[in-house]
Amino acid sequence: MTKIAAIIVAGGSGKRMGTAIKKQFIKLQDKEVLAHTIEAFNALEEISEVIVVTGEEDIHKVQTEIVEAYHFNKVSKVVAGGKERQDSVYNGLMATSEEIEYVMIHDGARPFISKELLKRAIEKTIECKATIIAVPVKDTIKVVEPKVGIVERTPEREKLWAVQTPQSFEKKLLIEAYEDAQQKGLQVTDDSMIVEAYGNRVHVVLGDYTNIKITTPEDLVIGESILSNKQ
């Protein structure tokens, strides 16, 4: 059986949420956002292990109040993140077991990923080595000069996709790409950019518009509705 690990990055501060509680610990229908997220991967037969990456100050909380409280048996390690998101992902990558062949990197605050979508992402990643989940944008997008607020151009909407997670890769390829990025001092906002910069093609798996990231108070309202419709 192919060995696949999920690396769940859960180091958000919750500033945009405007609450004292970090967004990954806010509850949706009496269960923490992070618990909903881990549950999706823990329940998937294809996943061999789960690595949770969080702030060093939250490791004990995640271990006791999330992993142990919900009996997530596939979570093998809870590790500290780094200064930037890419550093956190690399820490998670290094924490995976030696026999892992593929990794799925997912936002801890994106709790509505479906079993069917995960399976499609796994299938495509095994075929192509590097995939992202994304959806076509619904709105017309403008490129704007931020200092003066003037439209510079309007890209073709058909070519624009909103990227979600998980982003999934052959483990060997991702390690090589990360090490290359570290040598070059490359700073990125998502993992696929590192693989692209390394010279590999990244394939797109059609995502789901309900696979939202919990970032603002409005997202909590939408999240409650998504969960209610799933019941």
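Collect the residues in region 92-109 that are surrounded by fewer than 17 Cβ atoms within 10 Å (Cβ to Cβ) and under 20 Å from Gln182 (Cα atoms), keeping them in residue-number order.
Met94
Within region 36-51, is even one residue part of a helix (DSSP H, G or I), at pLDDT 95 or above, farther than 16 Å from Lys213 by Cβ and open to solvent by 30 Å² or more (accessible area, probe 1.4 Å)?
Scanning region 36-51 turns up at least one residue that is part of a helix (DSSP H, G or I), at pLDDT 95 or above, farther than 16 Å from Lys213 by Cβ and open to solvent by 30 Å² or more (accessible area, probe 1.4 Å).
Consider only pairs whose beta carbons are under 7 Å apart and that are at least six residues apart or on different chains; among these, list those whose first residue lies in region 109-125 and is over 16 Å from Leu34 (Cα atoms) and whose second residue is aromatic (Phe, Trp, Tyr).
Thr125/Tyr102; Thr125/Phe169
Determine whether region 138-157 contains at least one residue that is more than 25 Å from Leu220 (Cα to Cα) and open to solvent by less than 20 Å² (accessible area, probe 1.4 Å).
Within region 138-157 (the criterion being more than 25 Å from Leu220 (Cα to Cα) and open to solvent by less than 20 Å² (accessible area, probe 1.4 Å)), the answer is no, since none of the residues qualifies.
Residues of region 173-211 being within 19 Å of the chain's Cα centre (by Cα), within 17 Å of Val89 (Cβ to Cβ) and loosely packed, with under 15 Cβ neighbours inside 10 Å, which ones?
Across region 173-211, the qualifying residues are Gln187, Thr189.
Tell me which residues, restricted to region 61-85, are of a type in the set (D, E, K, R) and either open to solvent by less than 30 Å² (accessible area, probe 1.4 Å) or farther than 11 Å from Ile51 by Cα (or both). It would help to see each step written out before you state the result.
Looking only at region 61-85, we keep the residues that are of a type in the set (D, E, K, R), and these are 61, 65, 68, 74, 77, 83-85.
Scanning region 61-85 gives Lys61, Glu65, Glu68, Lys83, Glu84, Arg85.
Across region 166-204, which residue is modelled with the lowest pLDDT among those that are farther than 15 Å from Val103 by Cβ and aliphatic (A, V, I, L, M)?
Going through the qualifying residues, I end up with Val188.
Are there any strands (runs of 3 or more DSSP E) wholly within region 104-158 with 3 or more residues that are under 14 Å from the mean Cα position of the chain (by Cα), and if so which?
Working: elements: 130-136, 143-145, 150-153.
Fully inside region 104-158 and qualifying: 130-136.
The values are calculated or read from the model by the stated rules, or taken from the named source; none is laboratory data. Just so you know, these numbers come straight off a predicted model, no measurement behind them. For neighbour counting, all protein chains shown are included, and Cβ atoms are generated from backbone atoms with ideal geometry for every residue, glycine included. Just the protein is used for accessible areas: all its heavy atoms, side chains included, with ligands, DNA and RNA removed. Shrake-Rupley method; radii C 1.70, N 1.55, O 1.52, S 1.80 Å.
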